[in-house]
1. Any idea which of (1) in contact with a strand residue (DSSP E or B) (Cβ under 6 Å, 6 or more places away or on another chain); (2) over 30 Å from residue A:49 (Cβ atoms) is the one residue A:129 doesn't satisfy?
2. Working carefully through the options B:50, B:62, find the one that is within 14 Å of another protein chain (Cβ to nearest Cβ), in contact (Cβ under 8 Å) with a residue 24 or more places away in the chain, under 22 Å from residue B:92 (Cα atoms) and in contact with a helix residue (DSSP H, G or I) (Cβ under 9 Å, 6 or more places away or on another chain).
3. Residue check: is residue A:666 closer than 30 Å to residue A:513 by Cα, free of Cβ contacts under 8 Å to residues at least 60 places away in the same chain and over 28 Å from the mean Cα position of the chain (by Cα)?
4. Tell me the strands (runs of 3 or more DSSP E) entirely within the stretch A:17-134 that contain at least 2 residues that are within 14 Å of chain B (Cβ to nearest Cβ).
5. Does at least one position in the stretch A:269-282 carry a residue that is out of contact with any helix residue (DSSP H, G or I) (no Cβ under 8 Å at 6 or more places or on another chain) and without any contact (Cβ under 8 Å) to a residue 12 or more places away in the chain?
6. Quick one: is residue A:610 touching a helix residue (DSSP H, G or I) at 6+ places or on another chain (Cβ under 6 Å), closer than 28 Å to residue A:639 by Cα and surrounded by 20 or more Cβ atoms within 10 Å (Cβ to Cβ)?
7. Those residues that are surrounded by 24 or more Cβ atoms within 10 Å (Cβ to Cβ) and closer than 18 Å to residue A:159 by Cα, I need them from the stretch A:305-339; list them, please.
8. Quick check, is residue B:98 buried (at least 21 other Cβ atoms within 10 Å of the Cβ) and in the same structural domain as residue B:139 (by TED's automatic domain parsing)?
């Protein structure tokens, strides 16, 4: 009963899909009943706290925990010694959750305590004596790449070069993507523009700090309750770090208070588990906001060169970029994604993007919504904007002329299938926003953005209850309304009302492995799996009806929520609804359930065009967002309200990144703004309404045409806003954030 | 350690608890009274996820000591609905899909309630400035602002008899 890729996409009408149905978890969330990471307790529970390095880079000579252990109420203390050998793929995570020989950044965990009260744990933390030998540090990406920079990891030899260097450096790897001959392309151009851009690190900024409750028994079996984007990942990583069997650890995902990529790894879960193992009691750890900012994943800060050539008629002849991303103290920044996404919006004959993955004395970066792509798009779309200005060409026309379309060879290799970039550009051009008048000190900017989207390993189980209702278990934490979308797809397929399906996030013991909620994959992949599981159940329901009617199963079809004889030859039988068949399930072979276990492919790439008007105050340098419109291809919007929500949320995170948010490091390598007062994310009074225009170019890889929508929305804003501010200021902005001092500097006022 | 005994009222229920002198009202609500609807997003009064109403004033419960609750009347998200009947703001947040992850929702609902108790006809700008102390990272605030404005509109309609209804009344 699996769907035929490309054949049934959107050639049908829907009863439930596309409707703004009430959200199943809504009531709990407006009444305070919903239980998030920090909301769980257990009998005998201890409070865990983590001691963190005050130094950006330091050798840990000795840790003395004896005085801390003597504090009344303290039941366990752990350091790196409590984490033994582990598989290679989690080695960096082991180092990151608990520093071993060196503390690699301000905020790096060095020890942890579990005590009967937070006060006792706090007191004990103060009594842990760590003997540090402070080492030279580096936090800036360009500085870290210099030959004179302090080498953070003496075993790091740059990968991806023709010859592996003999000398260790902070450059972990070099990547290169592209095709054609860029030098030849630049020669064909009438104008070549080249700029260097810098962006500062930003944090995902989820309002819920990381929180978990871990409980280990003397029998070696354990449970974790935590806020995560992937509880199967938490299980596998924690089991690997503590030498446990995967089956010995059951992880339950709590409601999650935002993640945006930042909760796709572990920080405190293995620490709580190690403390619980030692104390033989449940341990709860909740990060403070300062810990979240100092020690959980921000984005990379970057330094990017972009050179683009254009003919007078707007044809782009070549694009070349060099991207340098620091990913904190460990290799693995998102620079390959940045390099692949940089020119993805353009169908170019000559294109090249080179990426350098660099380590610094900063927290290990974690994914943040379309990881790596917003900075790359910022640099490329700024240069395209500059070329349009200098050649007096319309920026949307130039993009329409050069944009990737169906069958274009992507700058990173593959050929695009059916894509919606052109449709978003056309929607932008036709929108009244594009014709609206601008006043003094105001400017308009446009930019496009791309994200790959992902499918991945997915396991779903669907049970038909005897009263005709349906339980749907999925393994991908619901980060923004996906239970509603997935439940509605199952209801659509089964032909029953949406409120007859209850969709839950099942724990790791109840389903096969599920990849984390990332890559904008959930509505696509868990939705696809739910549709397939429903089709599996429908096959079984049809077989039951066939048995009751005593006709072959091939003579039964499923339409509008009921089994029906497929032709008059099959005999005259009154259609049996799902509820009628379910009521007889016990007598006809037992319960009916459907399953789907897949590694979903065909996610379908996603594109967006953003348009923004800004006004700058020449006296203060403050930038005000006047109007903002998002045009994005959703393939098929299953629940339009939550699709709009993704568009709006991504745009506003981009506004924060462009205007306010930045990691500020002192000369001592310490983070100076580890709180929401000084790390300022957008508040309601900073913003106008965000218009969300849903464009639907169905994805042939999904039975309903779905494309992931979560990430693309953060890709264009940095560039769109910078283009708008550059236009208002009359100078090209080349650095983020465009905070008041940097705008005044660009205007020559300071 | 010496604890302070506190008598207070929470969502109309007389409540007694003991707490440490340096314990915040938020920790008391969450860890001693099991009222986990108020959330800690920052602990420094910057995010508003812990918003409660104390004697009619909007307060960050992470910035108030538990001991200061003595003799006060405290309203939390758990007391916003009347039995099964949601407060109009709660219903409008659902109708407008004004939440994604939902962690900021309790604080925003409490803040919005506090606004509408003072001003039943706020402008969009007034709504935006009133909730500027409540951070939401998911929604971009668009649907939240719409939900609050829409609630105010409905509440005005219900509070004031319509012209037709008023005329009817006069006739009667």
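The values are calculated or read from the model by the stated rules, or taken from the named source; none is laboratory data. Because the structure is a prediction, the values reported are computed rather than measured. Positions of Cβ are generated from backbone atoms using ideal geometry, with glycine treated the same way; all protein chains shown enter the neighbour counts.
1. Evaluating residue A:129 over (1) in contact with a strand residue (DSSP E or B) (Cβ under 6 Å, 6 or more places away or on another chain); (2) over 30 Å from residue A:49 (Cβ atoms) leaves (2) as the failure.
2. It is B:50.
3. no
4. Per the criteria, A:46-52.
5. No, that holds for no residue.
6. yes
7. Matches in the stretch A:305-339: A:323, A:324, A:325, A:326, A:327, A:328, A:329, A:333, A:334, A:335, A:338, A:339.
8. Judged against the criteria, residue B:98 is a match.
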